[in-house]
Amino acid sequence: MNIDAIFFDLGMVLVTFDWDIAIPRFAARNGGNEKIIKEFLAHPKHESFERNGISGEAFYAFGRDSIKWRGSQQEFQQIWNEIFTEIPEAIRLARALAQEYPLHVISNTNPWHAAYVEAKYEWINLFEQRIYSCAVEFRKPDPRIYQLAAERAGVPPERALFIDDRLENLEGAQKIGMQTIHAPTTQLLRAGLEKYFPHLAKIANAEIVKERT
């Protein structure tokens, strides 16, 4: 189980995201119609936005008309973006791993969310290569996104470890030979990592001490 690089998913591994935060805020500017907001959030154009298949301006226009938005584009994007909460234990584990291994991100995301995360969270710089689907025009579980990530990191896929909360995304990585950890919770993330890196607990505990001093 030799590992030369570790690739993390972003959403629900390093940060949570919750559309229930955004829905009432959108509804406050469309007359309270939450139903059409939920329909908009489930629309396939969302995935297209994550593949750079639609511009930000066009996506905003679609969203504005779909939810009958009564506000500015700036307000719309602010509500769209403010759905994330970092997962402290996952960040602590990433900081510990970064002392010994190159870390990278592979994420299905859109340009607005990618820019927001890059600006808001300083720990994103722990990750050397950030492979965002909107920048490369492939989404997980397309094997091409994992192949591209491995090439950019300069590692053979079989010596790469990929972590995600969704099994279908792990299957895509496995198709090119990556090793994987299924991490729908921080407990499973830590347990999976400790199988590969038995000394991780000691390093992570040192990070806790550092945070408290």
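For this structure, a couple of remarks:
- Taking the convex hull of the alpha carbon positions in the stretch 20-134 and averaging its projected area over all directions gives 7.4 nm².
- Between the alpha-carbon centres of the stretch 1-73 and the stretch 104-151 there is a gap of 16 Å.
- Under the criterion of Cα pairs below 8 Å and six or more residues apart, the relative contact order for the chain equals 26 percent.
- Put a plus charge on the Cβ of each Lys and Arg, a minus charge on the Cβ of each Asp and Glu, and nothing anywhere else: the dipole of the chain about its Cα centre is then about 240 debye.
- Backbone geometry of the stretch 60-69 corresponds, through the Karplus equation with coefficients 6.51, -1.76 and 1.60 at θ = phi - 60°, to 3J(HN,Hα) couplings of 4, 4, 5, x, 4, 6, 5, 9, 6, 5 Hz, x marking Gly and Pro.
- Distant-in-sequence amide contacts of Ala5, defined by a placed amide H-H separation under 5 Å and a gap of 5 or more residues or a different chain, comprise Leu161.
- Beta bridge orientation in the stretch 1-144: antiparallel %, DSSP, nearest 5: 25
- The label-point distance for Lys38 and Gln187, in a model that sets each label 7 Å from Cα toward Cβ, rounds to 2.9 nm.
- Estimated inter-spin distance, Ala28 and Gln74, nm [label 7 Å along Cα→Cβ]: 1.7
- Couplings 3J(HN,Hα) for the stretch 166-178, derived from phi with the Karplus relation 6.51 cos²θ - 1.76 cosθ + 1.60 (θ = phi - 60°), are 10, 4, 5, 6, 5, 4, x, 5, 5, 4, 9, x, 5 Hz, where x marks Gly and Pro.
- Among the listed pairs Lys68/Lys120; Lys120/Lys140; Lys35/Lys120; Lys140/Lys195; Lys68/Lys140, those with a Cα-Cα distance over 27 Å are Lys68/Lys120; Lys35/Lys120; Lys68/Lys140.
- Rotationally averaged projected area of the stretch 78-213 (alpha carbon convex hull; nm²): 8.4
- Positive minus negative residues near Gly32 (Lys, Arg vs Asp, Glu; Cβ under 12 Å): +4
- Residue-count net charge about Pro198 - beta-carbon cut-off 14 Å; Lys, Arg +1, Asp, Glu -1: +1
All of the numbers you see were taken from the coordinates with simple rules; none came from a lab. Here the structure is a predicted model, which is why all the values come from computation and not from measurement. All Cβ positions, glycine included, derive from the backbone under ideal geometry; neighbour counts span all protein chains shown.
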